[in-house]
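Right, one structure below, let's go through it.
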Amino acid sequence: QVQLVESGGGLVQAGGSLRLSCAASGRTFSYVGMGWFRQAPGKEREVVTAISWSGGNTYYADSVKGRFTISRDNTKNTMWLQMNSLKPEDTAVYYCAASSVAYISTMEQYYNSWGQGTQVTVSS
């Protein structure tokens with residue numbers, strides 16, 4: 001399995017930007033799809049964006065399209081989430097996750113490694 005550590009969360013005003021990082025250890029990072037999920041207070045965890053093993057295919061939830069960008073560098077075992085034009089409704093704990101498959105998956109059941117989460121708070 002892949003071990004994951006997120007960083008980069010924090011407090012930002014609406015309209016601002018944050019960049020989350022997910023550092024991975026383990027030999028399989030380069031071969032698996034990855035994703036970012038988030039969980040707001042009182043809500044279920046939801047997929048935000050996902051990327052295939054090569055980075056060639058990506059998925060974005062409608063709520064973040066045009067504002068968030070997922071990327072990865074397999075040589076650095078790192079994935080990023082660039083978040084622009086942040087809104088108060090983006091406030092949540094953000095988790096990076098490694099899939100058990102190489103292609104994109106938006107379903108939690110395919111993800112078998114999770115980071116500890118990083119808090120993102122957007123003030124209005």
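The values are calculated or read from the model by the stated rules, or taken from the named source; none is laboratory data. In this text, all values refer to a predicted model and were calculated from it rather than measured experimentally. With ideal geometry, Cβ positions are generated from the backbone for all residues, glycine too; neighbour counts draw on all protein chains shown. Calculation scope for accessible area: heavy atoms of the full protein, side chains included, ligands and nucleic acids excluded. Shrake-Rupley method; radii C 1.70, N 1.55, O 1.52, S 1.80 Å.
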When you scan segment 25-39, how many residues do you find that are at pLDDT 95 or above and either out of contact with any Ser or Thr (no Cβ under 6 Å at 6 or more places or on another chain) or charged (D, E, K, R) (or both)?
-> 5
Looking across segment 67-87 at residues that are of a type in the set (Ser, Thr, Tyr) and more than 12 Å from residue 20 (Cβ to Cβ), the single one that is nearest to the chain's Cα centre (by Cα) is 85
Go through the residues of segment 66-78 one by one and say whether even a single one is touching a helix residue (DSSP H, G or I) at 6+ places or on another chain (Cβ under 6 Å) and either within 12 Å of residue 120 (Cβ to Cβ) or open to solvent by 10 Å² or more (accessible area, probe 1.4 Å) (or both).
-> yes
Out of all the residues in segment 32-39, is one or more closer than 16 Å to residue 18 by Cβ, open to solvent by less than 80 Å² (accessible area, probe 1.4 Å) and among the small types (Gly, Ala, Ser)?
-> no
Do we find a residue being closer than 19 Å to residue 13 by Cα, out of contact with any Asp or Glu (no Cβ under 9 Å at 6 or more places or on another chain) and free of Cβ contacts under 8 Å to residues at least 60 places away in the same chain anywhere in segment 73-90?
-> yes
Looking at 81, 11, which is the one that is of a type in the set (A, V, I, L, M, F, W, C), in a strand (DSSP E or B) and open to solvent by 40 Å² or more (accessible area, probe 1.4 Å)?
-> 11
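Which of the residues spanning segment 14-31 are outside any strand (DSSP E or B) and open to solvent by 70 Å² or more (accessible area, probe 1.4 Å)? Give the steps one after another, and end with the answer.
Initially, segment 14-31 is screened for residues outside any strand (DSSP E or B), giving 14-17, 26-31.
The answer is 27, 31.
Given the criteria touching a Ser or Thr at 6+ places or on another chain (Cβ under 8 Å), among the hydrophobic types (A, V, I, L, M, F, W, C), closer than 18 Å to residue 17 by Cα and not in a strand (DSSP E or B), does residue 64 qualify?
Working: touching a Ser or Thr at 6+ places or on another chain (Cβ under 8 Å): yes; among the hydrophobic types (A, V, I, L, M, F, W, C): yes; closer than 18 Å to residue 17 by Cα: yes; not in a strand (DSSP E or B): yes.
For residue 64, the condition - touching a Ser or Thr at 6+ places or on another chain (Cβ under 8 Å), among the hydrophobic types (A, V, I, L, M, F, W, C), closer than 18 Å to residue 17 by Cα and not in a strand (DSSP E or B) - is met.
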By residue number, the members of segment 84-113 that are crowded, with 19+ Cβ neighbours inside 10 Å and of a type in the set (Phe, Trp, Tyr) are 94, 95, 111
